[in-house]
Amino acid sequence: MRETGNGTASRGSSPTTGAPPRRRFLKAAVAAGVSLGLAGVAKADDDKPGADERPKPGDRFVQAEGEQAGKTVEPGDIRLDAEPLQVWPMDPVSKVVRDGSRLNQVLLLRLDPGSLDADTRAHSADGIVAFSAICQHAGCPVTGWVMGESGKQVLKCFCHNSEYDPRQNAAAVFGPAPRKLAALPVKIAGGALVVAHEFIGKVVPPQQG
């Protein structure tokens with residue numbers, strides 16, 4: 001048994017389905033060894049003041065990888081039940097992308113609003129939810145979107161197989177992670193998807209904080 005963000009849940013064995021997706025913007029951090037203190041990785045970019053600052057209310061989001069890297073994310077870009085978008089927050093005024101710290105890596109996904117628990121629904125927008133991409137076990141990147149033993153898709157960290165249910169506020173539902181992912185409240189303002197509040201919960205894993 002392991003305490004999750006919403007109470008106590010039992011952990012059964014959950015097969016890993018599918019291969020880890022390619023994640024270029026996180027690869028370097030994994031190769032370097034995420035056991036290093038995350039606070040030390042959070043480093044300012046002198047050429048981009050504010051790039052290492054945590055997401056702030058009003059920030060937009062830009063895609064972090066692939067052909068669309070750097071493109072501003074609109075609500076319509078996030079498809080229902082699709083693989084999460086990996087994004088960076090962006091200052092809407094200076095246009096500085098907050099990619100100076102990997103602690104700012106965010107997962108965006110859209111779920112059926114009716115499937116969200118009360119806590120998750122409170123910081124969602126039209127079914128869109130945002131969570132930190134930093135696993136709460138050892139700080140590896142959360143990159144997977146796989147079928148969990150509950151029959152629902154869950155977020156997965158392939159380093160040590162921790163899984164998180166985004167419908168239950170990204171509670172840890174399998175593996176060694178001791179707590180849920182940090183949530184980033186979002187809202188739709190003037191048709192744009194923006195940060196509504198700073199991270200809820202700690203981004204740095206307990207063993208590294």
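Numbers at a glance
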quantity	calculated
Where residue 181 falls short, out of the listed (1) assigned to a loop (DSSP other than H, G, I, E, B); (2) within 21 Å of residue 64 (Cβ to Cβ); (3) over 11 Å from the mean Cα position of the chain (by Cα)	(3)
Matching entry among 38, 108 (being modelled with pLDDT under 95 and surrounded by 19 or more Cβ atoms within 10 Å (Cβ to Cβ))	38
Selection status of residue 93, within 23 Å of residue 189 (Cα to Cα), touching a Phe, Trp or Tyr at 6+ places or on another chain (Cβ under 6 Å) and modelled with pLDDT of 95 or more	no
Residues (in a loop (DSSP other than H, G, I, E, B) and either more than 16 Å from residue 163 (Cβ to Cβ) or in contact with a Phe, Trp or Tyr (Cβ under 8 Å, 6 or more places away or on another chain) (or both)) located in segment 102-113	105, 112
Pick from segment 141-193, criterion closer than 23 Å to residue 207 by Cα and aromatic (Phe, Trp, Tyr), ranking: surrounded by the most Cβ atoms within 10 Å (Cβ to Cβ)	164
Some residue of segment 91-100 being within 15 Å of the chain's Cα centre (by Cα), within 20 Å of residue 166 (Cβ to Cβ) and free of Cβ contacts under 8 Å to residues at least 60 places away in the same chain	no
Test: residue 162 is of a type in the set (Ser, Thr, Tyr) and closer than 30 Å to residue 72 by Cβ	no
Any hit, segment 133-151, residues being in contact with a strand residue (DSSP E or B) (Cβ under 6 Å, 6 or more places away or on another chain) and polar (S, T, N, Q)	no
When residues of segment 59-68 are limited to those that are modelled with pLDDT of 95 or more and assigned to a loop (DSSP other than H, G, I, E, B), the one nearest to residue 94 (Cα to Cα)	59
Residue ID - nearest to the chain's Cα centre (by Cα), chosen from residues in segment 116-131 that are within 16 Å of residue 173 (Cα to Cα) and not hydrophobic (A, V, I, L, M, F, W, C)	120
Verdict on residue 197 being surrounded by fewer than 21 Cβ atoms within 10 Å (Cβ to Cβ), modelled with pLDDT under 95 and either of a type outside the set (Phe, Trp, Tyr) or in a loop (DSSP other than H, G, I, E, B) (or both)	no
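The values are calculated or read from the model by the stated rules, or taken from the named source; none is laboratory data. These figures come from a predicted structure and were not determined experimentally. Neighbour counts run over all protein chains shown; Cβ positions are idealised from the backbone, glycine included.
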